[in-house]
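In what follows, a single structure is set out as C-alpha cells and then discussed.
The values are calculated or read from the model by the stated rules, or taken from the named source; none is laboratory data. Being a predicted model, the structure only gives us computed values, none of them experimental. Quick reminder, even Gly has a Cβ in these numbers, built from the backbone with ideal geometry, and neighbours come from all protein chains shown.
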Amino acid sequence: MENKKENFSEWYNEIITLAELSDKRYPVKGMNVWLPYGWKIMSLIDSIVRRAVDKRNFQEVNFPILIGRSMLEVEFEHIRGFENEIYWVTKGGKEKLEEELALRPTSESAMYPMFSLWIRSHADLPLKIYQIVSVYRYETKHTRSFIRIREIHFFEAHTAHATYEDAEAQMEQYKEIWREISGQLCLPYFYDQRPDWDKFPGAMYTIAFDTVLPSGRSLQIGTIHQYGTNFSKNYDIKYLKEDGTFDYAHQTTYGMSERLLAAIIGIHGDDKGLVLPPDVAPIQVIIIPIPGAGVMEYARDVENTLNSINIRVKVDDRENYTPGYKFNDWEMRGVPLRIEIGEREVKNRTITMSMRNIQGKVTIERSKIIYEVPDMLIKIREKMMENAQKVFRDHVFRATKLEEFNREGLITAFWCGSKECSDRIEAETEKSALGFMVDSRETGKCVVCGKDGKMAVFSRSY
Ligand SMILES: [Zn+2]
C-alpha cells in the first residue's frame, strides 16, 4: 500500500479501491459506483444524521429530481451561481420539451414553490424538512472520489420561520446537530463564516465546517446558510400573522455530502488501510477462528451473544484463508475490534481482543463480553477523536506575516475582510480565505494591509 504521509493522494485513491468502497471504472465521468461496503458505511453515516435531526423535529421528505427552468430562474443570484453546473434535460423520447428541465443541483427551487402553498399562517411555522438524495453538478475540475464528483449524495435540510431571530436560533441548533454528528464520526473542524464572494448563491451569509486532511489541504464537510427573506420574497412564501398582517418567512438550510466519508477515510486511515469509527463500521467486531477443536462452535456462540446486544459482528469462516491473511484483510477494511478464538480461549472460557487503533491484545472472560465489548468500542472512539484532534492541531499554524503562510495546513491570521488582501495572499501563497473564525473574538491588524482585522483561516482547499 502507498505511504499515507508521503503520497496522500495516491494512498487515498488506492484505499478506496482496496477496501471496495467505490468502483471508479463506471463509464460516465464523475459518477462512481457505490460498492456494498462503501454504501453500508454511507448508510450508517446517514442514519446518524437522521437521528440527530429527527429528534429535533425535522421531517424527512423526498422531492422530484427534475426542476423546470422557470422555477429555477425565480431567484436571480441563485441561478447565476449554478448556471455553469446544471445538467439539462431537453428531450422526452424523441420530442423536444417545451420547457427545459434541470437535474437538481440543490433543491431550493424545487421546494420553495411548494412552501408557498403549504405555509399559510403562523401556525404552519416553523417548517423543518430534510432529504437525503442525489444532486447533480457538472463539475469541470479534476474529479476525486467522495470529494469532487458529478453525482453527489446530498443531505439538505430546509426550514422556514416566522422571524429572523427564530431563523438565527435555527442556525445555532445546526451547530449543536453538527457537534453531535462530528463527535460520532470523530472529525475535528473549524466554523468559518465564508466571505461574501464565496457564500451560497442567494444566502445572506454562509457558515462552513472545515476540516483538514493530512495533505494539509482543507475540506469543507458541511455548510449552514441564513437566507433571511431572500428566497421567500422571490418564491412568495408568506404567512398570516396573529395581528392580521402578512410577513415573509425567514429561511435557513444545512447541507452535507459523502465528503463526510472522505474525511473519515483521510483523517483516520493509516498505512494498513481504513480505520472506521465504531458508529459507522459495517462490521464492528470481526471474530477470527484459529482452527482447532470446538473453536467454530465457540466462535458462533460469541457471535450470537454480541448480536443479541445489537453489535454488528461477523465470524470470518472462510476456509481458504489463513488467520494471518484474515487479520490483515479486516485491518485494511478498518474493523474497529478483532476477536481471536483458538483452542486456548475455548479451554479457558476467554476471548482475546485487539483494537484497530490501539496497540496490544487484551484477554477477557467469556462471561463479561456483553459489558467489555461495548466499553471497548467507546474507548476506540475516544482514542480516534484524540488522535484526530492531535493531527488537526499539528496542521494549524498561526501567522503574523505573509512569509509564514508557506506551511502545509490551515493558517490562522488577522484579516481585514477585503477581497484585495485575500487575493494578494492567494497570489503569493496559493492559500485563500476560508473566512472569519466564528468562535474567535480576537482582533488585530490585517496581515496584508495593517488595517483593523479579525481572526481568519486560510488554506489550499479541495
Ligand atoms: Zn487587509
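Here are a few things to note about the model shown:
- One residue stands out in the range 1-57 among those that are on the phi > 0 side of the Ramachandran plot and at pLDDT 95 or above: the one that is surrounded by the most Cβ atoms within 10 Å (Cβ to Cβ), namely GLU20.
- Filter result for the condition that a residue is touching a strand residue (DSSP E or B) at 6+ places or on another chain (Cβ under 9 Å), of a type in the set (Lys, Arg) and within 14 Å of the ligand (Cβ to nearest atom), over LYS379, LYS431, LYS445, LYS383: LYS445
- Members of the range 377-415 found to be touching a helix residue (DSSP H, G or I) at 6+ places or on another chain (Cβ under 9 Å), over 19 Å from CYS449 (Cα atoms) and among the hydrophobic types (A, V, I, L, M, F, W, C), listed by number: LEU377, ILE378, ILE380, MET384, MET385, ALA388, VAL391, PHE392, PHE397, LEU410
- Any hit, the range 283-298, residues being within 30 Å of PHE58 (Cα to Cα), out of contact with any strand residue (DSSP E or B) (no Cβ under 6 Å at 6 or more places or on another chain) and not in a strand (DSSP E or B): yes
- Comparison of ALA427, ALA433 shows that the only residue that is outside any strand (DSSP E or B) and among the aliphatic types (A, V, I, L, M) is ALA427.
- Of the strands (runs of 3 or more DSSP E) lying entirely inside the range 78-195, those carrying at least 3 residues that are surrounded by fewer than 19 Cβ atoms within 10 Å (Cβ to Cβ) are 88-92, 95-103, 127-136.
- Meets criteria (within 20 Å of the chain's Cα centre (by Cα), under 25 Å from LEU185 (Cα atoms) and outside any helix (DSSP H, G or I)) for ARG56: yes
One line per residue, one yes/no per condition, for (1) free of Cβ contacts under 8 Å to residues at least 60 places away in the same chain; (2) within 13 Å of the ligand (Cβ to nearest atom):
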residue	(1), (2)
ARG398	yes, no
ASN406	yes, no
ILE411	yes, no
GLY417	no, yes
ALA427	yes, no
GLY450	yes, yes
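- The single residue among VAL447, VAL391, VAL457 that is outside any strand (DSSP E or B) and within 24 Å of ARG259 (Cα to Cα) turns out to be VAL391.
- ILE358 under 32 Å from the mean Cα position of the chain (by Cα), surrounded by 12 or more Cβ atoms within 10 Å (Cβ to Cβ) and farther than 24 Å from GLY183 by Cα: no
- Against the list (1) closer than 21 Å to GLY450 by Cα; (2) more than 26 Å from the chain's Cα centre (by Cα), the condition LYS431 fails is (2).
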